[in-house]
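Chemist: Here it is, the structure in full.
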Amino acid sequence: MNETHQSTTDPDAKLYRKGDGQESRLCYMGHVLMENRNGLAIAADVTQATGTAEREAALTLIDNHQPAGQRITLGADKAYDVVEFVEALRERQVTPHIAINGHVTKTGKTRRTAVDGRITRHPGYAISQVIRKRIEEIFGWTKPIGGLAQVKVRGLAKVQAVFIFGILAYNLVRIPKLLEAT
């Protein structure tokens, strides 16, 4: 669809449909890397909307922020349950705590997962599956309060600047609450 349709005001924006039964919209995709202990965003990026943008951005954010020589875990939703992505994480010494995509096809077959039993049987996996949902708090704050529900700028670089500014503002609001709790 992006080959035949282009925005006249923002040529960097791409058509993207979030789910079945929803209309396609011209948009960008915002990505955030969050640390689990305090729910703070440690990295953010904006990319053009594609079917693989989330996974590609996740790998880039990890490459730029993973402590050298240290093994980490990555909690993610079922959209990341793809063999190539899980293999790329393992190459980077990242344990994939990814939700299993148990989609059942029209023929009644359950989709095969890329996450194996070695990972899912550990107690840390269950904890990651609960905590990973905190990322939605960041997006939930930045859309209505941070003004990112509909950006007022055009071009990937400008949208990225506004998005990162919104993520920084979220952290600045969150940090005093964390300090107050301690």
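Chemist: Taking into account only those residues within segment 98-116 that are under 20 Å from the mean Cα position of the chain (by Cα) and of a type in the set (Gly, Ala, Ser), which is farthest from Arg55 (Cα to Cα)?
Modeler: Ranking the qualifying residues of segment 98-116, first place goes to Gly102.
Chemist: May I pose another question? Just the residues that are farther than 18 Å from Arg111 by Cα and in contact with a Lys or Arg (Cβ under 6 Å, 6 or more places away or on another chain), please, taken from segment 63-98.
Modeler: Gly75, Gln93
Chemist: What are the residues in segment 142-159 that are more than 15 Å from the chain's Cα centre (by Cα), in a helix (DSSP H, G or I), surrounded by 15 or more Cβ atoms within 10 Å (Cβ to Cβ) and not basic (Lys, Arg), if any?
Modeler: Within segment 142-159, Leu156, Val159 meet the criteria.
Chemist: Residues in segment 120-130 that are in contact (Cβ under 8 Å) with a residue 24 or more places away in the chain and either surrounded by 17 or more Cβ atoms within 10 Å (Cβ to Cβ) or assigned to a loop (DSSP other than H, G, I, E, B) (or both): how many? Even if it seems obvious, please write down each step before you answer.
Modeler: Step one: list which residues in segment 120-130 are in contact (Cβ under 8 Å) with a residue 24 or more places away in the chain, which gives 124-125, 128-129.
Adding the requirement that they be either surrounded by 17 or more Cβ atoms within 10 Å (Cβ to Cβ) or assigned to a loop (DSSP other than H, G, I, E, B) (or both) leaves 125, 128-129.
Residues that pass the stated criteria total 3.
Chemist: Let me ask something else about it. Out of segment 20-50, which residues are among the small types (Gly, Ala, Ser) and over 13 Å from the mean Cα position of the chain (by Cα)?
Modeler: Gly21, Ser24, Gly39
Chemist: Here is a further query. Out of segment 160-182, which residues are of a type outside the set (Val, Ile, Thr) and surrounded by fewer than 11 Cβ atoms within 10 Å (Cβ to Cβ)?
Modeler: Leu172, Pro176, Lys177, Leu179, Glu180, Ala181
Chemist: Same structure again: Checking Arg134 against (1) of a type in the set (Lys, Arg); (2) without any contact (Cβ under 8 Å) to a residue 40 or more places away in the chain; (3) in a helix (DSSP H, G or I); (4) under 23 Å from Ala44 (Cα atoms): exactly one of these is not met. Which one?
Modeler: Checking Arg134 against (1) of a type in the set (Lys, Arg); (2) without any contact (Cβ under 8 Å) to a residue 40 or more places away in the chain; (3) in a helix (DSSP H, G or I); (4) under 23 Å from Ala44 (Cα atoms), the one that fails is (2).
Chemist: Out of Asn64, Asn101, report the one residue that is part of a loop (DSSP other than H, G, I, E, B) and either surrounded by 15 or more Cβ atoms within 10 Å (Cβ to Cβ) or at pLDDT 90 or above (or both).
Modeler: The match here is Asn101.
Chemist: Continuing with this model, one more query. Looking only at residues in segment 104-118 that are in a loop (DSSP other than H, G, I, E, B) and aliphatic (A, V, I, L, M), which one is surrounded by the fewest Cβ atoms within 10 Å (Cβ to Cβ)?
Modeler: Of the residues in segment 104-118, the ones in a loop (DSSP other than H, G, I, E, B) are 105-109, 111-116.
Now drop any that are not aliphatic (A, V, I, L, M), which leaves 114-115.
On the way: Ala114: 18, Val115: 20.
Here the residue is Ala114.
The values are calculated or read from the model by the stated rules, or taken from the named source; none is laboratory data. Here the structure is a predicted model, which means the values were calculated and not measured. Glycine gets a Cβ as well: all are built from the backbone with ideal geometry, and neighbour counts include every protein chain shown.
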